[in-house]
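Chemist: This structure is in structure tokens; I'll ask about it shortly.
The values are calculated or read from the model by the stated rules, or taken from the named source; none is laboratory data. Remember, it's a predicted structure, so these values are computed and weren't measured experimentally. Glycine also receives a Cβ, built like all others from the backbone with ideal geometry; neighbour counts cover every protein chain displayed.
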Amino acid sequence: MVRQHIVFLTGAGVSAESGLSTFRGKDGMWTNEEWVHLASTDALYNETQKCLDFYNWRRKQLSEVEPNEAHKMIAELEKEHKVTVITQNVDNLHERAGSTEVIHLHGELRIMTKKVGTKVCLIRKEILKM
């Protein structure tokens, strides 16, 4: 039997259903000028602790929500099909629902990297207070 390969492209609407804020909606995160600034490399270099506090707050939000039915249904399809999820979301709700092949177009809140010379280093969980 040939297994179908199903590809999902997901965005903010999927995770908003779980209770996470969107970026561009009516009350989206990008309507708050301070949050826009804190998400910048300028803030990371010049207001490092404030920037890390902002991202730690966002990561804490992730721990307070659960995958919804859409996340779970996509993961369930993996039992009978090859499934790839390409998501614009920076949360880990697809993975928590059970999806194993997830591509995050905009990175992940749980993972922070820093370029040192020509190498990209993973910053440890303790630094991120996760």
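Chemist: For the condition closer than 30 Å to Q4 by Cβ, of a type in the set (A, V, I, L, M), surrounded by 17 or more Cβ atoms within 10 Å (Cβ to Cβ) and at pLDDT 90 or above, what is the one hit in V85, V90?
Modeler: Only one candidate qualifies: V85.
Chemist: Taking G11 and the conditions (1) more than 16 Å from R96 (Cβ to Cβ); (2) modelled with pLDDT under 85; (3) of a type in the set (G, A, S), which numbered condition does it fall short on, given that it satisfies the others?
Modeler: G11 satisfies every listed condition except (2).
Chemist: It is to be established whether one or more residues within the range 95-107 are exposed (fewer than 11 other Cβ atoms within 10 Å of the Cβ), at positive phi, at pLDDT below 85 and under 14 Å from the mean Cα position of the chain (by Cα).
Modeler: Yes, the range 95-107 contains at least one residue that is exposed (fewer than 11 other Cβ atoms within 10 Å of the Cβ), at positive phi, at pLDDT below 85 and under 14 Å from the mean Cα position of the chain (by Cα).
Chemist: Out of all the residues in the range 32-81, which are among the β-branched types (V, I, T) and in contact (Cβ under 8 Å) with a residue 40 or more places away in the chain?
Modeler: V65, I74
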